[in-house]
Amino acid sequence: MASPVDGSPTQNPLTVLTLAELRQRTSVKWRMHPPDVLPLWVAEMDVPLAPVVADALRRAVDLGDTGYPHGTAYAEALGEFAAERWGWHDFRVERTAVVPDVMMGIVEVLRLVTDPGDAVVVCSPVYPPFYAFVGHADRRVIEAPLGPDLRIDLAALDEAFRRAREYGRRPAFLLCNPHNPTGVVHRRDELEAVADLADRHGVRVVSDEIHAPLVLSGARFTPYLTVAGAENAFALTSASKAWNLAGLKAALAVAGPRAAADLDRMPEEVSHGPSHLGILAHTAAFRAGGRWLDLLLDGLDANRTLLETLLAKHLPSVGYRRPEGTYLAWLDCTGLGIDTERPAGGEPGVASDLAGPAQMFLDRARVALSSGHVFGTGGTGFVRLNLATSPAVLTEAVTRMGHAVGAQQASPRTGADDEIHHHSP
Ligand SMILES: Cc1ncc(COP(=O)(O)O)c(C=O)c1O
């Protein structure tokens, strides 16, 4: 990446790497599909590492500093970042625990505040592993579908909390803040209403804040633990989404003041999961990756506008609401008239499952998107597109998608069900 002499980055990280360079990657985004497919599905970004993160890792490798982690530097770095960016001043390092990653952290926190068989409420459509991980932990998912404006529907949440209480003594609400896949950034007043409902129903809130640094201009992130009434809640976060560190496992669980005793019950072995190198990388990102993040956010902001222009030109019947945060675009393809029948056994939760529009776009446009049906109720007929790529790749992908729809509408028999199937390895 181009850097001035002081080493701080100056270039939009989304325009640094070529497709040829990206295709050398061995992560799932680049290896799930054949090389003619543009992968805009799983939440990995087409960026190089932030120089401060690469330097921290390089230094550790040079020193052979690859032993066990020690200390609270990661939580301190998050605390400084949270104070500066979000005005979260009563963040307490003592009320944090290092966990292997956000999803494992969520499961461990759910084990602390719920019992097997208890209900966990989610606002659908939502990140598919919310279903799979909760189910595998022997808890039962209850959906409170988002409203037509894709924001939390408080009446639906009230009803879901009431039902959740019928299943067991200790229900929880797994909040996605900001929300994946819609890119909605919940407002403080919405979160206060959530806290009020949770309190009235005796529901513990666990807030997944992995996308928090990725809030774009025009919106403001509210840490759930800063909301009045959220004192007994938990938040889980890491630098994984904002700095593209999913391969460097290390996340943080943060307890509100009235959840500290619960956090103390977290089994010691959970802290053995995150790696020292992961902790070093996430710490460097929060501590010194702000400049790089700002350049990324500018690039994502430009991409969400570019996507609007491209859709108007190539796919005018696809519905698009600009995301307020995340690098995800939730596209309403119900107007395309594509059969959205689920594949046999298609349940929410299997992130790579394809159906309807996503299958058609893979088959006929060679663009891989996430299929809406895996995000639960409200997802069928939608696709999720990952904007964290170069404007050139985004333009090529949407142009191809437009041509595929044009061809499909010219010969409607061909579509998701026809004989043109390119099987993934
Ligand atoms: C809302 C949300 N939570 C959790 C994760 C996964 O985080 P981790 O890899 O730390 O488990 C993702 C990844 O995209 C996500 O979007």
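The values are calculated or read from the model by the stated rules, or taken from the named source; none is laboratory data. Quick caveat, the model's predicted, so the values are computed rather than measured. Because the Cβ atoms are built from the backbone with ideal geometry, glycine has one as well, and the counts that use them run over all protein chains shown.
Only one residue in L225, L263, L245, L252 is among the aliphatic types (A, V, I, L, M), within 15 Å of the chain's Cα centre (by Cα) and modelled with pLDDT of 95 or more. Which one?
L245
Every residue, every condition in (1) buried (at least 21 other Cβ atoms within 10 Å of the Cβ); (2) away from the ligand (no atom under 13 Å from the Cβ); (3) more than 20 Å from L387 (Cα to Cα), yes or no:
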{"residue": "A228", "(1), (2), (3)": "no, yes, yes"}
{"residue": "A233", "(1), (2), (3)": "yes, yes, yes"}
{"residue": "T237", "(1), (2), (3)": "yes, no, yes"}
{"residue": "A255", "(1), (2), (3)": "yes, yes, yes"}
{"residue": "R265", "(1), (2), (3)": "no, yes, yes"}
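Out of T72, T114, which single residue is touching a strand residue (DSSP E or B) at 6+ places or on another chain (Cβ under 7 Å) and among the polar types (S, T, N, Q)?
Going through T72, T114 in turn, the sole match is T114.
Could you list, in sequence order, the residues of segment 292-340 that are without any contact (Cβ under 8 Å) to a residue 40 or more places away in the chain, more than 19 Å from Q359 (Cβ to Cβ) and either out of contact with any strand residue (DSSP E or B) (no Cβ under 7 Å at 6 or more places or on another chain) or surrounded by 21 or more Cβ atoms within 10 Å (Cβ to Cβ) (or both)?
Of everything in segment 292-340, those that are without any contact (Cβ under 8 Å) to a residue 40 or more places away in the chain, more than 19 Å from Q359 (Cβ to Cβ) and either out of contact with any strand residue (DSSP E or B) (no Cβ under 7 Å at 6 or more places or on another chain) or surrounded by 21 or more Cβ atoms within 10 Å (Cβ to Cβ) (or both) turn out to be D294, T305, T309, A312, P316.
Residues that are farther than 24 Å from L328 by Cα, touching a Ser or Thr at 6+ places or on another chain (Cβ under 6 Å) and surrounded by 14 or more Cβ atoms within 10 Å (Cβ to Cβ): does segment 49-63 have at least one?
No; the residues of segment 49-63 include none that is farther than 24 Å from L328 by Cα, touching a Ser or Thr at 6+ places or on another chain (Cβ under 6 Å) and surrounded by 14 or more Cβ atoms within 10 Å (Cβ to Cβ).
So if I check each of A137, A132, which one is under 17 Å from F234 (Cβ atoms), in contact (Cβ under 8 Å) with a residue 12 or more places away in the chain and surrounded by fewer than 22 Cβ atoms within 10 Å (Cβ to Cβ)?
Sole residue among the options that is under 17 Å from F234 (Cβ atoms), in contact (Cβ under 8 Å) with a residue 12 or more places away in the chain and surrounded by fewer than 22 Cβ atoms within 10 Å (Cβ to Cβ): A137.
Could you list, in sequence order, all residues of segment 272-287 that are more than 13 Å from A75 (Cα to Cα) and hydroxyl-bearing (S, T, Y)?
The one that is more than 13 Å from A75 (Cα to Cα) and hydroxyl-bearing (S, T, Y): S275.
How many residues does segment 135-162 hold that are at pLDDT 95 or above and touching a strand residue (DSSP E or B) at 6+ places or on another chain (Cβ under 8 Å)?
Residues in segment 135-162 being at pLDDT 95 or above and touching a strand residue (DSSP E or B) at 6+ places or on another chain (Cβ under 8 Å): 10 in total.
Go through the residues of segment 84-100 one by one and say whether even a single one is modelled with pLDDT of 95 or more, within 16 Å of the ligand (Cβ to nearest atom), among the charged types (D, E, K, R) and touching a strand residue (DSSP E or B) at 6+ places or on another chain (Cβ under 8 Å).
no
Scanning segment 101-117 for residues that are more than 13 Å from the ligand (Cβ to nearest atom) and surrounded by fewer than 20 Cβ atoms within 10 Å (Cβ to Cβ), which turns out nearest to S271 (Cα to Cα)?
R111
Show me the helices (runs of 4 or more DSSP H) entirely contained within segment 10-103 in which 2 or more residues are under 22 Å from T283 (Cα atoms) and of a type in the set (S, T, N, Q).
In segment 10-103, there are no helices (runs of 4 or more DSSP H) which contain 2 or more residues that are under 22 Å from T283 (Cα atoms) and of a type in the set (S, T, N, Q).
So D138 clears everything in (1) more than 13 Å from the ligand (Cβ to nearest atom); (2) on the phi < 0 side of the Ramachandran plot except one condition, right? Which one?
Failed condition: (2).
Hey, can you tell me all the residues within segment 174-193 that are in contact (Cβ under 8 Å) with a residue 12 or more places away in the chain and over 17 Å from the mean Cα position of the chain (by Cα)?
Across segment 174-193, the qualifying residues are R187, R188, E190, L191, E192, A193.
Considering segment 282-301 alone, what residues qualify as being among the aromatic types (F, W, Y) and under 18 Å from the mean Cα position of the chain (by Cα)?
F286
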